[in-house]
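Every number in this text was worked out from the coordinates using simple rules, so none of it is lab data. Keep in mind it's a predicted model, so treat the numbers as computed, not measured. Virtual Cβ from ideal backbone geometry, glycine too; neighbours counted across all protein chains shown.
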Amino acid sequence: MEKTTFGELTHEQICFQLILHSGNARSKIIQSLREYREGSIEKAEELLVQAGDDLQQSHDIHFQMVQKEAGGEKQDVSLLLLHAEDHFMSTLSMKELVYELLEIFKDKMTESKK
C-alpha cells in the first residue's frame, strides 16, 4: 500500500484523508465480526489485516502532522481535525478489541470441540 503524503493538500483535505482511511478500517472491522459470526473465520481475519493496512495509512498521516508541528510548523486545530483524530483513535481501539474478541471466540470454539 502506497504511503499517503501531504504534498499540496489543504488542511481540510488532510483531515478528510485521515477520516477516509479510518472509516475504511472501521467498516472492515465491523464486517470482520459479521464474517466471523457467519463462520467465515479466514475472511474475518483477512478483513482485520486489511483494516490494519488502512489504519497504517491513517497513522502515516497523523505522524506527518506531528512531525510538522515538532519541526516548528504550527498546525491548525479545527473541529474537523478533532473529528478526524477521534475517528482515528476510536478505530484503533476498536481494532484491538475486535482482534482480542475473535481470539477469545476461537479459544471457546476449540474448547467446545474437545
Q: Given the options Lys74, Lys43, Lys95, state which has the largest fluctuation in a GNM of the chain using a 10 Å cut-off (strictly under) for Cα springs.
A: Lys74
(Q) For a quick check, take a GNM of the chain with Cα springs below 10 Å and name the residue from Leu33, Leu80, Leu92 with the largest mean-square fluctuation. (A) Leu80
**Q.** Residue among Phe88, Phe16, Phe63 with the largest mean-square fluctuation in a Gaussian network model of the chain, springs linking Cα atoms under 10 Å
**A.** Phe63
Q: Kindly put Tyr99, Tyr36 in sequence by how many other C-beta atoms sit within 10 Å of each C-beta, fewest to most.
A: Tyr99, Tyr36
Q | the chain - convex hull of alpha carbons, volume per residue in Å³ | A | 98
Q. Using a simple spin-label model with points 7 Å from Cα along the Cα→Cβ vector, what separation in nm is obtained for Met109 and Glu42?
A. 1.2
Q. Val77 to Leu101: extension gain in nm, 0.36 nm per residue of separation minus the Cα-Cα distance?
A. 5.2 nm
(Q) With unit charges on the beta carbons (Lys and Arg positive, Asp and Glu negative) and the dipole taken about the Cα centre of the chain, which residue among Ile19, Leu81, Thr110 sits farthest to the positive side? (A) Thr110
